[in-house]
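The next block holds one structure in the form of structure tokens; read it before the comments.
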Amino acid sequence: MAIKPVLRMGDPLLLQPAEPVERFDTPALHTLIKDMQDTMAHLSGAGLAAPQIGESLQVVIFGFEKNPRYPRAQEVPFTVLINPQLTPLSEAIEEDWEGCLSVPGMRGMVPRFAHLRYQGYDQYGNAIDCTVSEFHARVVQHECDHLQGILYPMRIKDFRKFGFTDVLFPGQVMIDD
Ligand code: NI
């Protein structure tokens, strides 16, 4: 078990495009994914990208169990996604609040494609091909943005809808991507 420090906005590594994974099912890749899982669980996150713990590789994890404390968020199965390719399936855009473990204590309103196909590989090299919508699609876009060096504040259109979580949503417990 290894909980890693999560880099915070301002660190140049978060702005750097990540390299594709070339070899699957290696001890180094399994260790990276275990560290990401431990770190995400420790921080109660909904997703994490490898660059956030200082590894500039195209690896993301995400997953979210239905929780009565977060009634708006749908369940998302735990997924390891490597070398992802995203394809929007319609022009439809949805806006919703996002947070990020690299931007702690803040929330912003972010437009995302509502319907999305994502392809890639798991840690063993098995192909993944999924079609998702709503919160699931949002989480995938947020995590995969990290692999391009994009943090959610760079997607905000209306900065009046960006602020500190405890001021925007007093008394509520929120999840971070
Ligand atoms: Ni994030």
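The values are calculated or read from the model by the stated rules, or taken from the named source; none is laboratory data. Worth saying up front: this structure is predicted, and the values here are computed from it rather than measured. Heads up, the Cβs are rebuilt from the backbone with ideal geometry, glycines too, and the neighbour counts pull from every protein chain shown.
Cβ separations smaller than 8 Å between residues 6+ apart or across chains give no pair from region 22-49 residues that are free of Cβ contacts under 8 Å to residues at least 12 places away in the same chain and at negative phi to residues that are of a type in the set (Phe, Trp, Tyr) and crowded, with 17+ Cβ neighbours inside 10 Å.
Taking THR131 and the conditions (1) of a type in the set (S, T, N, Q); (2) out of contact with any strand residue (DSSP E or B) (no Cβ under 9 Å at 6 or more places or on another chain); (3) not in a loop (DSSP other than H, G, I, E, B), which numbered condition does it fall short on, given that it satisfies the others? With respect to (1) of a type in the set (S, T, N, Q); (2) out of contact with any strand residue (DSSP E or B) (no Cβ under 9 Å at 6 or more places or on another chain); (3) not in a loop (DSSP other than H, G, I, E, B), THR131 is out only on (2). Among the listed residues GLN58, GLN37, which satisfies the condition of being surrounded by 11 or more Cβ atoms within 10 Å (Cβ to Cβ), farther than 22 Å from GLY108 by Cα and touching a Pro at 6+ places or on another chain (Cβ under 7 Å)? Of GLN58, GLN37, the one residue that is surrounded by 11 or more Cβ atoms within 10 Å (Cβ to Cβ), farther than 22 Å from GLY108 by Cα and touching a Pro at 6+ places or on another chain (Cβ under 7 Å) is GLN58. In region 134-156, the qualifying residues are those that are touching a residue at least 60 places away in the same chain (Cβ under 8 Å) and outside any helix (DSSP H, G or I), and the one that is nearest to the ligand (Cβ to nearest atom) is LEU151.
Within region 41-59, the residues that satisfy the criterion of being within 12 Å of the ligand (Cβ to nearest atom), modelled with pLDDT of 95 or more and either in contact with a strand residue (DSSP E or B) (Cβ under 8 Å, 6 or more places away or on another chain) or within 14 Å of CYS144 (Cβ to Cβ) (or both) are GLY47, LEU48, ALA49, ALA50, PRO51, GLN52. Please tell me if GLY99 is surrounded by 15 or more Cβ atoms within 10 Å (Cβ to Cβ) and within 12 Å of the ligand (Cβ to nearest atom). Judged against the criteria, GLY99 is a match.
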